[in-house]
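Encoded as structure tokens, the structure appears first; notes follow it.
The values are calculated or read from the model by the stated rules, or taken from the named source; none is laboratory data. All values reported here derive from a predicted model rather than from experimental measurement. A quick note on method: Cβ atoms are made from the backbone with ideal geometry, for glycine too, and the neighbour counts reach across all protein chains shown. The protein model used for the area step is the full one, side chains on, heavy atoms only, and it has no ligands, DNA or RNA in it. Shrake-Rupley method; radii C 1.70, N 1.55, O 1.52, S 1.80 Å.
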Amino acid sequence: MESATETASETRSELMTTLSNHVPDPRLITAYAERRDGPLHRVNPWTKLGVVGTLVLAVTVVDALAVLAGLYAATLAVYGIAGLPYRRLILWYSLPMLFIVSVAGPLAFLEPGTPVLGALATPVGEVSITWQGAALFVELTCRSLTVVTFALTASMTTKYNDIAYLLGRVFPAPIDQVALLTYRFTFVMLETLEDLVKSSLARGANLSEFWLNRQLYARILGMTMLTAIERSERLVTSMEARGYDGDITVYGDVHRPPAHETAVVVLMFGMVVGYALVITYEVTPI
């Protein structure tokens, strides 16, 4: 009996690892936030939210590749200082990199300039990657990965109650309720997906090769969505039976950040605004 339980536990652990390889697993993120205690865990959540907003503004207004690369390097350094695993981060880059390649990849070919390795003849004409196009691709990569990396860093070092409190304070109703319910229902989606994967493996399926088993993957994904919709309907019915009236009460409180953290965020914001005015928009100071 114990061996069967251990085998089932090992199988579940392997499935969790497989699912977490290329998609951020909210259970793993929550585990890092609740059970670890690194330098960034002790930073006020309001401060982290302010840094996220400042970074989004920075990657929007900054157009110099060197500055964007510096921001990305600094974000990676903060991720390491927080005691978070780089190997997991590299695997989680699969999803944003897919978006970057699909959007920025064609732009690298369409950007005029000096070809890197010469032109490639195609039925529609010559196509080439230029140095300017490659630089544009790197810029867009740095912009995206900077925000993604720090967003993961903040979520992996902030407890769920604090995140729920911030969502309730920052977003108006009913957006805050949608965000809270979406986060909680993500765990239900993952459990449903794991059950379907386990049942497929128990019937002898081989999920190691994606392309060879693409039809099975499609069926698993479709069943996951259908099952999740059905469970969500039952969840709403049960919540309404328990008196849910459109407002999830969040018990907790996040105090104001200390003065030195506030000063750091204000300084970062001022530097970004100053760069935008002087460098990007070339506003001459009086």
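Looking for whichever is open to solvent by 60 Å² or more (accessible area, probe 1.4 Å), touching a residue at least 12 places away in the same chain (Cβ under 8 Å) and more than 24 Å from Val61 (Cα to Cα) here; the options are Ala173, Ala164. Which one fits?
Ala173
So, in segment 52-91, exactly how many residues are within 19 Å of Thr157 (Cα to Cα) and open to solvent by less than 20 Å² (accessible area, probe 1.4 Å)?
Residues that pass the stated criteria total 7.
With the requirement that a residue be assigned to a helix (DSSP H, G or I) and of a type in the set (Val, Ile, Thr), what does segment 55-77 give you?
Correct list: Val56, Val59, Thr60, Val61, Val67, Thr75.
Here is a list: Val266, Val272. Which entry is at pLDDT 85 or above, open to solvent by less than 50 Å² (accessible area, probe 1.4 Å), within 18 Å of Thr54 (Cα to Cα) and assigned to a helix (DSSP H, G or I)? Can you show your working first?
Working: Val266 fails: open to solvent by less than 50 Å² (accessible area, probe 1.4 Å).
The conditions single out Val272.
Restrict the check to segment 67-76 and report whether at least one residue is among the hydrophobic types (A, V, I, L, M, F, W, C) and closer than 21 Å to Pro26 by Cα.
Yes, segment 67-76 contains at least one residue that is among the hydrophobic types (A, V, I, L, M, F, W, C) and closer than 21 Å to Pro26 by Cα.
Return yes or no: is Thr114 modelled with pLDDT under 80, in contact with a helix residue (DSSP H, G or I) (Cβ under 6 Å, 6 or more places away or on another chain) and open to solvent by 70 Å² or more (accessible area, probe 1.4 Å)?
In short, yes.
Of the residues Pro96, Pro39, Pro106, which single one is open to solvent by 50 Å² or more (accessible area, probe 1.4 Å), without any contact (Cβ under 8 Å) to a residue 60 or more places away in the chain and closer than 24 Å to Ile163 by Cβ?
Pro39
With respect to Asn44, determine if the residue is modelled with pLDDT under 90 and either assigned by the TED database to the domain that holds Thr153 or farther than 22 Å from Phe269 by Cα (or both).
Spelling it out, it is not the case that Asn44 is modelled with pLDDT under 90 and either assigned by the TED database to the domain that holds Thr153 or farther than 22 Å from Phe269 by Cα (or both).
In segment 117-140, what residues are modelled with pLDDT under 75, in a strand (DSSP E or B) and open to solvent by less than 60 Å² (accessible area, probe 1.4 Å)?
Across segment 117-140, the qualifying residues are Thr122, Gly125, Val127.
Name, by its number, the condition in (1) modelled with pLDDT of 85 or more; (2) part of a helix (DSSP H, G or I) that does not hold for Thr158.
Failed condition: (2).
Restricting to segment 152-209, give me the number of residues that are within 18 Å of Ala228 (Cα to Cα) and aliphatic (A, V, I, L, M).
The number of residues fulfilling the criteria is 10.
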